Each structure stands twice: as structure tokens, then as C-alpha cells.
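The values are calculated or read from the model by the stated rules, or taken from the named source; none is laboratory data. Here the structure is a predicted model, which means the values were calculated and not measured. Ideal geometry is used to build each Cβ from the backbone, glycine not excepted, and the neighbour counts take in all protein chains shown. Side chains are part of the model used for accessible areas, which takes the heavy atoms of the whole protein and leaves out ligands, DNA and RNA. Shrake-Rupley method; radii C 1.70, N 1.55, O 1.52, S 1.80 Å.
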Amino acid sequence: PPGDGAFACTRRGELRISPPVGFVWSDEGLKMDPDESVRRTVQLILDRFAIEPSAGAVVRWARSNNILFPTRVIPAAEGSDVEWKPLGASRVFELLHNPAYAGVYVYGRRRERKVIVGKEIRRVRSPGTNVDDWSVRIENAHVGYISWETYLSNQEKLRQNRARMIGGASGAPREGPALLCGLLLCGRCDRRMRT
């Protein structure tokens, strides 16, 4: 955690943490990237998630359409170079989980605690999914690509997709009258088909 002075900056939304793709720091604070192609690509991916059933489907769509995703060379500032790379799943999840895209300044999403494992003390981070547990959350801190409501609905969609995968719905049953059920994928939405 930052020192007292740095934490006071976070409470005011002034601590300059590394900005996500699509944003740069300026004298006025965090603002949208001045490069229109960067902004349009970020917006395109966020909009596409509303259409596709999952983050993986967004990646497949981007790859099938040869859409490259921007990455600013560190430090991200106006005039720094942009590299264009194929979109990967980790980048999509990073984009969807980051509240900065909803115009929200956040610090302390993942709380860290110490636990004893065997004879060692280890640091364990929480996933940071509960917005009420974040140390600092300032809504409308800067211009965003999506609304706060859209961000929250995206989180719910990701949670439901994860629950489907963990809950055993990701494969076919081992026995019973419908042995092949769940192996066929829909060509349009990429969901598993059922009888």
C-alpha cells in the first residue's frame, strides 16, 4: 500500500497509476488517448462484448476479422509509440474488468492479506470483484468508454459465463440417454447446444 501522502492522493483520484490502453495522462489528469484509431478500437471491442456471448467469442471474432489491438509503449503518454498486436483473451479480460473504462478512478481493488501456509507466511490477494470492498472508488472521475451500469452488467455476464464453465456445463455427460449432448457448438453464438 502507498504511504500516507500517496494514499491521500488516491482518495482525491490524483495518484498517477499506469493508465490502461485507450487512456493517457495529461496535465488535466487522465483523458482518452489522442490517437483516434486507438480510441475506436477500444470502443469496438467493448461494444462487441455486448453482442457476443463471451470474452472468448470476442477474441475469435477479432481474429477472424484481422483486428489488431493497440498497446502503448510504457510510459503511456501523449506521443508515445503504439504497437498493434493480435487480440488475446487476457487483453479482453483486462479491458472488461478495468473500471477505468467506465470513467471510474479505483485504487485498492485487490486486498492483500497474509496467511500461514505450512511454516511460511504468504501474501494472498482477493479477486477484487466486490465493488464495495475497493479502498477508493471515484465515479465520473474522467470520461469513460462505457457507463458504470454497462460495466456492472459486463461483470455479471463474465460471472455467469465462469459459473457455467465451473458448474460442469462445459462438457458432455458421461452416461445416460444423451451421451453426445453438449458436444455440438452453435455456429452463430458459439454456445453448447442441448436437446
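What residue, among those in segment 20-49 that are out of contact with any helix residue (DSSP H, G or I) (no Cβ under 6 Å at 6 or more places or on another chain) and aromatic (Phe, Trp, Tyr), is nearest to LYS157 (Cα to Cα)?
That would be PHE23.
Can you tell me which residues in segment 150-160 are of a type outside the set (Ser, Thr, Tyr) and open to solvent by less than 50 Å² (accessible area, probe 1.4 Å)?
If the condition is that a residue be of a type outside the set (Ser, Thr, Tyr) and open to solvent by less than 50 Å² (accessible area, probe 1.4 Å), then ASN154, GLN155, LYS157, LEU158 are the ones that fit.
Report, ordered by the first and then the second residue, all pairs with beta carbons closer than 7 Å, sequence separation of six or more or different chains, a first member in segment 132-152 that is more than 19 Å from LYS31 (Cβ to Cβ), and a second member that is of a type in the set (D, E, K, R).
Note: pairs meeting the criteria are ASP133/ARG111; TRP134/ARG109; VAL136/ARG11.
Among the numbered criteria (1) at pLDDT 85 or above; (2) open to solvent by 70 Å² or more (accessible area, probe 1.4 Å), which single criterion is violated by SER147?
Of (1) at pLDDT 85 or above; (2) open to solvent by 70 Å² or more (accessible area, probe 1.4 Å), only one is false for SER147: (2).
Residues that are at pLDDT 85 or above and open to solvent by less than 10 Å² (accessible area, probe 1.4 Å): which helices (runs of 4 or more DSSP H) entirely in segment 1-110 hold 1 or more of them?
36-51, 55-64, 89-97
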